[in-house]
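K.L.:
Dropping a structure here in structure tokens format, bear with me for questions.
Laboratory data are not the source of any read-out in this text; all were calculated from the coordinates shown. The structure presented is a predicted model; accordingly, all values stated were derived computationally and were not measured. When we count neighbours, we look across all protein chains shown, and the Cβ atoms used for this are built from the backbone with ideal geometry, even at glycine.
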Amino acid sequence: MYIAQAKLVMEVGEVRQLTVDIESTFSPTVGWRIEGAEILASLGDGKLKALSVGEATVTVIVEADGREVSDSVQVEVVPAKGDS
């Protein structure tokens, strides 16, 4: 299991869907954790909204086939184009 994006750059106000590639014969349970909640908001199911300029870490935790694995991605949020 891994997050398809290695690093993301988003603009304030942008919404983006993260993609997780999972190889499992069972239905996995997927959870998300954000370090930097003042920078990014989770809209559920891997969808993120950039709130303010800064950096955050998003971690996905997958439970499947009797084991738990995780992967993280760094997200840099920059000012929206046209913002001073």
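K.L.:
Check the straight Cα-Cα distances from Lys81 and name the aspartates and glutamates below 14 Å, setting aside those fewer than 8 residues away within the same chain.
P.N.:
Output for Lys81: Glu11, Glu14.
K.L.:
Hey, another quick one. Which of Asp71, Asp45, Asp21 moves the most in a Gaussian network model of the chain with Cα springs under 10 Å?
P.N.:
Residue with maximal mean-square fluctuation among Asp71, Asp45, Asp21: Asp21.
K.L.:
Pick from Gly13, Gly36, Gly44: which residue has the top mean-square fluctuation in a GNM of the chain where Cα pairs under 10 Å get a spring?
P.N.:
Among Gly13, Gly36, Gly44, the largest mean-square fluctuation in the Gaussian network model of the chain belongs to Gly44.
K.L.:
Could I ask something else about it? About the Cα centre, and with charges only on the beta carbon of Lys, Arg (+1) and Asp, Glu (-1), how big is the dipole of the chain? Nearest 20 debye, please. Could the numbers behind the result be given before it?
P.N.:
Details: 7 positive and 14 negative charges, 38 e Å.
For this selection, approximately 180 debye.
K.L.:
Considering only DSSP states other than H, G, I, E and B, which chymotrypsin sites (Phe, Trp or Tyr not before Pro) in region 1-69 qualify as loop sites with at most 14 other Cβ atoms within 10 Å?
P.N.:
Working: sites: Tyr2, Phe26, Trp32; in loops: Phe26.
Taking region 1-69 and a limit of 14 other Cβ atoms within 10 Å, the loop chymotrypsin sites (Phe, Trp or Tyr not before Pro) found are Phe26.
K.L.:
Then there is this: Tell me which trypsin sites (Lys or Arg not before Pro) from the chain have a DSSP coil assignment and no more than 13 other beta carbons within 10 Å of their own. Intermediate values should be presented prior to the final figure.
P.N.:
On the way: sites: Lys7, Arg16, Arg33, Lys47, Lys49, Arg67, Lys81; in loops: Lys81.
In loop regions of the chain (DSSP not H, G, I, E or B), the sparsely surrounded trypsin sites (Lys or Arg not before Pro) are Lys81.
K.L.:
P(r) of region 4-73 in 10 Å steps, Cα pairs, percent per bin?
P.N.:
20, 52, 22, 7
K.L.:
I would also like to ask the following. Among the aspartates and glutamates, select those whose C-alpha is under 20 Å from the C-alpha of Lys7, and discard any that sit fewer than 8 residues away in the same chain.
P.N.:
Those aspartates and glutamates meeting the cut-off are Asp21, Glu35, Glu38, Asp45, Glu55, Asp71, Glu76.
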